[in-house]
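I have placed the structure first, in the form of C-alpha cells, so that the comments after it can refer back to it.
The values are calculated or read from the model by the stated rules, or taken from the named source; none is laboratory data. As the structure is a computational prediction, the values presented were derived from the model and not from experiment. Reconstructed Cβ throughout: ideal geometry from the backbone, glycine too, with neighbour counts over all protein chains shown. Each accessible area value is taken on the protein alone, full model and side chains, heavy atoms only, with ligands, DNA and RNA left out. Shrake-Rupley method; radii C 1.70, N 1.55, O 1.52, S 1.80 Å.
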Amino acid sequence: MHNTQEPQAATVGILGAGAMGTLFGTRLARAGIPVTLVDVNAQLLQTIREHGVHCETDQGPLHADVQALQAVAGHGAAVHGALSGEVLHQWRK
C-alpha cells in the first residue's frame, strides 16, 4: 500500500523578528513553508499579525503572512512548548 499524500513541510520557528529573521521568514513563507516569528517586542508582533511581514530586497518588495509569537523573559519553556516539533533557527548580528 502506497501513501499518495504529499508530505507536509515542517513549520520553521525563527527566534528574532529583526532584519535577518524577517527576511528569512518572508522568503521561507513565500516558498510555502509555514513560519512562526518569535520576538520580545509586542508592538512589532502585533503589526506582523495584522499586516504580515514586508521586506525590501534588491529584487523588489516582498510580503508574506506568518505566525507571530511573543517571547517573555523567564518563560523560555512556554516558547519551546509552543514551537514543539518545529525547526528552530536564530540569526544574530
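Tabulated data for the structure shown
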read-out: The stretch 30-41 residues that are among the polar types (S, T, N, Q), paired with ones that are open to solvent by 30 Å² or more (accessible area, probe 1.4 Å) (beta carbon under 7 Å, 6 or more apart); value: Thr36/Thr11; Thr36/Gln67; Thr36/Leu69; Thr36/Glu86
read-out: Glu86 at pLDDT below 70 and open to solvent by less than 80 Å² (accessible area, probe 1.4 Å); value: yes
read-out: The one condition in (1) open to solvent by 60 Å² or more (accessible area, probe 1.4 Å); (2) part of a strand (DSSP E or B) that Gly13 fails to fulfil; value: (1)
read-out: Residue that is modelled with the lowest pLDDT [pool: residues in the stretch 42-76 that are hydrophobic (A, V, I, L, M, F, W, C) and in a strand (DSSP E or B)]; value: Leu69
